[in-house]
Amino acid sequence: MGGLFNYDNPIWRFVGRIWDLFILNLLWIVCSLPVITFGASTTAMYYCTLKIARDRDSGGILSMFFHSFKDNLLQSTIIWVIMAFIGGILFFDIRFFSFYLSQGNTFFRMIVFTITCFLILLWLFIFLYVFPIQAKFINPVKKTFKLALLMSVKHLIRTVIILGGSILILVAVYILIMRLPGVMSMLVLLLGSGISLFQASQFNIIFDKYIDDNNQ
């Protein structure tokens, strides 16, 4: 019985990790509600999950989250505003060239539509990497964007794994909620931090290749 109530017991460690992810998910949602702070909140979540993935979160979720949130508030907000602005333009472009150009401009529309789709893919790649990089490395905003683009393309297979795995998790949770709504709806309370933890396990593999170059 003593082993069962030992906090180093794998069962208790698992329960504790689930609780940490629940708290982290709640912090991320609440701190993202002002919208303008979404970048800082997301950076703070990745800061925590990058450490959790290595089992180096001894400081506690609350202290780690708000430490990163405070330190990255300005720069993460700038990154978020830039990404949101560009994303808005790309969304408008894809809607405009898909539905509002006359049929007489079909060839031109298809060219611009293809270019816009490519730019949206690049935007998605950068969005996937930029906040984890901000959480891990200390760089100016311009270099953070540059690293996000270069890493996402250079490690394309890993990028596809991160993106595809995240989509699979979302689809799986959706299916489970549809089948067992009374029970599986609880998964939503872990969804954001759970996906972030999965991604962090992959980002750590990538970031390890750049640690020495960035003096981290």
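The values are calculated or read from the model by the stated rules, or taken from the named source; none is laboratory data. None of these values were measured; they are calculated from a predicted model. Here the Cβ positions follow ideal geometry from the backbone for every residue, glycine too, while neighbour counts run over all protein chains shown.
Computed values, structure above
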quantity: Residue match in segment 174-193 (condition: surrounded by 14 or more Cβ atoms within 10 Å (Cβ to Cβ), within 18 Å of Val130 (Cβ to Cβ) and in contact (Cβ under 8 Å) with a residue 24 or more places away in the chain); calculated: yes
quantity: Out of Ile126, Ile61, sole residue that is surrounded by 15 or more Cβ atoms within 10 Å (Cβ to Cβ), of a type in the set (A, V, I, L, M, F, W, C) and either at pLDDT 95 or above or touching a Gly at 6+ places or on another chain (Cβ under 8 Å) (or both); calculated: Ile126
quantity: Close pairs from segment 72-88: first free of Cβ contacts under 8 Å to residues at least 40 places away in the same chain, partner surrounded by 16 or more Cβ atoms within 10 Å (Cβ to Cβ) and aliphatic (A, V, I, L, M), Cβ under 6 Å, at least 6 apart; calculated: Leu73/Ala40
quantity: Selection within segment 163-181 - modelled with pLDDT of 90 or more, under 12 Å from Leu191 (Cβ atoms) and not β-branched (Val, Ile, Thr); calculated: Ser166, Leu170
quantity: Out of Ile11, Ile36, sole residue that is at negative phi and part of a loop (DSSP other than H, G, I, E, B); calculated: Ile36
quantity: Residues satisfying the stated conditions in segment 153-168, i.e. surrounded by 12 or more Cβ atoms within 10 Å (Cβ to Cβ) and under 13 Å from the mean Cα position of the chain (by Cα); calculated: Thr159, Ile162, Leu163, Gly165, Ser166
quantity: Filter result for Arg95 (closer than 22 Å to Phe207 by Cα, charged (D, E, K, R) and either part of a helix (DSSP H, G or I) or modelled with pLDDT under 95 (or both)); calculated: no
quantity: Helices (runs of 4 or more DSSP H) completely within segment 120-216 that count 2 or more residues being farther than 30 Å from Phe92 by Cβ; calculated: 156-179, 181-184, 188-207
